[in-house]
1. At 7 Å along Cα-to-Cβ for each site, give me the label-to-label distance between B:SER92 and B:LYS166 in nm.
2. Post the alpha-carbon centroid distance, the stretch B:33-67 to the stretch A:19-68, in whole angstrom.
3. Sorted from fewest to most neighbouring beta carbons within 10 Å, what does the list A:VAL47, A:VAL36 look like?
4. Using the crude model of +1 on Lys and Arg Cβ and -1 on Asp and Glu Cβ, and no other charge, please compute the dipole size for the protein assembly as shown relative to its Cα centre, in debye to 20.
5. Run the simple label-point estimate for A:ASN101 and B:ILE158 please: 7 Å along Cα→C-beta, distance reported in nm.
6. Using +1 at the C-beta of Lys and Arg and -1 at the C-beta of Asp and Glu, which of A:THR9, A:ILE86, A:PHE20 has the Cα lying farthest in the positive direction of the dipole of the stretch A:2-96?
7. Which order do peptides B:46-54, A:83-91 fall in by mean Cβ count within 10 Å, highest first?
8. Just to be sure I follow the rule: in the protein assembly as shown, considering lysines 8 or more places apart or on different chains, how many pairs have Cα atoms under 27 Å apart?
Amino acid sequence: MESMLHITTLHYLVLGAALFLLGVIGVLTRRNVVIVLMSIELILNAVNLNLIAFSRMWGGLHGQVFAIFVITDAAAEAAVGLGILIAFFRNKETVNIDEVNLLKW
Amino acid sequence: MAPIATPFFFYLLAAIMLIGGILVIMCRNAVHSALALIVTLLAQSAIYLMLYAPFVAGVQIILYAGGIMVLFLFVIMLVNIDRALKERQFNSQWWVGIIAATTLGGLFIAVYTKGKSIFPERIASVAEADNTQRVASLLYGQYMFAFEIASLLLLVAIIGAVVMAKKRI
């Protein structure tokens, strides 16, 4: 009970791990490409939560700076991924990820 | 200022985040998933505030909940078809998902039970008043090169997104 009421770094790490697992399950099992991209955002957010928690633990700000870079990467990834999705939808008229098999042989 | 009722807010925000995350991967409609993801991101920015990271919390709200999610909703509007709602939502890889989730979850549990003593109980005290100034001086000082590379990355992403969305590719 004592460890439940005293919030430490470990609590934030467990929360980040749970969010990461949700994202992994979403990426592996969903068929809609948009939701797969959203699950990737969940994974990146779990990483960010860990970075901020460690930055709080050590009292430095390097983790926060790194989290800002991760957010930048997430924005770039979302823009390019959604652009690819639009190009794909224009060619195949579907958003089902099982249909993305042009490179499969 | 010492934080007030940290356990209550932590568990409340964690519950909101996890319920939002579950809704993201379970919802049939992609728009509902996007809305659940926005709720998750907002709760997460509140958790950043609890961790004395107000600048990252603001960036999270502006960039994620404001920018990226609007992009997602626009694309959902462009590609949303009723046929996608009637299809099977989960692929036949659910067993891969279960195996990966249990393996990763077991790994995390093992690391956290073993590493409980590694993470110190007492956490460092941080200055909260000049967070933004210190983040900025790090960004424009020590991390100058990475900052420039990030701008180059964004330029490449802009060009890539425009090229991908062109009429003929």
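1. Output for this residue pair reads 3.8 nm.
2. 12
3. Details: A:VAL47 17, A:VAL36 20.
Lowest to highest Cβ neighbour count: A:VAL47, A:VAL36.
4. 700
5. If labels sit at A:ASN101 and B:ILE158, their model points lie 3.9 nm apart.
6. Checking the options against the dipole of the stretch A:2-96, the answer is A:ILE86.
7. Ranking, from highest mean packing down: B:46-54, A:83-91.
8. Lysine pair count for the protein assembly as shown: 7.
Throughout, read-outs are computed from the coordinates displayed, never taken from laboratory work. Note that the coordinates shown come from a computational prediction; the quantities given were computed from them, not determined experimentally. Note that we place each Cβ from the backbone using ideal geometry, even for glycine, and neighbour counts take in every protein chain shown.
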